[in-house]
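Notes follow the structure.
The values are calculated or read from the model by the stated rules, or taken from the named source; none is laboratory data. Worth saying up front: this structure is predicted, and the values here are computed from it rather than measured. Quick reminder, even Gly has a Cβ in these numbers, built from the backbone with ideal geometry, and neighbours come from all protein chains shown. Areas reflect the complete protein model, heavy atoms only, side chains present, ligands, DNA and RNA absent. Shrake-Rupley method; radii C 1.70, N 1.55, O 1.52, S 1.80 Å.
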Amino acid sequence: MELRLLKADITTLEVGAVVNAANSSLLGGGGVDGAIHRAGGPRILEECKAIVKRIGRCPPGEAVMTSGGNLPADHVIHTVGPVWRGGKEGEPALLASCYARSLQLCVDNDIRSVAFPNISTGIYGYPKQPAADIAVTAVRAFSSSAKIDTVIFACFDDENHEIYRALL
Ligand code: AR6
């Protein structure tokens, strides 16, 4: 498994799956979630609604998958990061779970390339350095058994990009 760093708008990437930093309603929002639904079109939202109807809301740390709609990516994996509440309410484990559950969906669906945004580090307020440490550790921990070829960390802001550059 190759880990790559890009400074990019995740909606432009031609990969097997892009990961969305969603909320539990799966109905869209701001940040990267808004960008993915805008660029991907209404089909993604329809699929999200069908998932909620079937299995209910998506709790923090979990992930579900839809098609990529109009995106160049084949699929969107919607995961719900933790809201930062100071770090003592299980946030680190929930954030690590977002990465692991998303990668497991890739394995289960034979997806070979996946791009992650910096989950929870925008509207949800997770401090960027510890979030990056968790992201890289979780992906590396997963890689031993997986047949995923490429994992891209798609950083949007300069601060995250610099943090990941130092880490990778
Ligand atoms: N491509 C890649 N990364 C992006 C893009 C983009 N187009 N746009 C923003 N980012 P956020 P969260 C980065 O706030 O903190 C939504 O309303 C951004 O710089 O999108 O997990 C959901 O519905 C930041 O580093 O997600 C939830 O309610 C990272 O994406 C809530 O926000 C994550 O920021 C989730 O908050």
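Tabulated results
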{"quantity": "Top-ranked residue of region 139-158 - restricted to ones that are surrounded by 12 or more Cβ atoms within 10 Å (Cβ to Cβ) and within 11 Å of the ligand (Cβ to nearest atom), ranked as farthest from GLY125 (Cα to Cα)", "calculated": "ILE152"}
{"quantity": "Whichever residue in region 94-140 is among the hydroxyl-bearing types (Ser, Thr, Tyr) and under 12 Å from the mean Cα position of the chain (by Cα) and, among such residues, is farthest from ALA21 (Cα to Cα)", "calculated": "SER97"}
{"quantity": "Pick from region 38-55, criterion within 14 Å of the ligand (Cβ to nearest atom), over 23 Å from HIS161 (Cβ atoms) and open to solvent by 30 Å² or more (accessible area, probe 1.4 Å), ranking: nearest to the chain's Cα centre (by Cα)", "calculated": "LEU45"}
{"quantity": "Residue that is least open to solvent (accessible area, probe 1.4 Å), among those in region 1-17 that are under 14 Å from ASN118 (Cβ atoms) and either free of Cβ contacts under 8 Å to residues at least 40 places away in the same chain or in a loop (DSSP other than H, G, I, E, B) (or both)", "calculated": "ALA8"}
{"quantity": "Any hit, region 25-32, residues being crowded, with 22+ Cβ neighbours inside 10 Å and either of a type in the set (Gly, Ala, Ser) or not in a helix (DSSP H, G or I) (or both)", "calculated": "yes"}
{"quantity": "Close pairs from region 70-86: first without any contact (Cβ under 8 Å) to a residue 24 or more places away in the chain, partner not in a loop (DSSP other than H, G, I, E, B), Cβ under 7 Å, at least 6 apart", "calculated": "ARG85/GLU91"}
{"quantity": "TYR164 open to solvent by 50 Å² or more (accessible area, probe 1.4 Å), of a type in the set (Ser, Thr, Tyr), closer than 21 Å to GLY31 by Cβ and modelled with pLDDT of 95 or more", "calculated": "no"}
{"quantity": "Selection from region 61-81 of residues that are under 12 Å from the mean Cα position of the chain (by Cα), within 15 Å of the ligand (Cβ to nearest atom) and open to solvent by less than 60 Å² (accessible area, probe 1.4 Å)", "calculated": "GLY61, ALA63, VAL64, VAL76, ILE77, HIS78, THR79, VAL80, GLY81"}
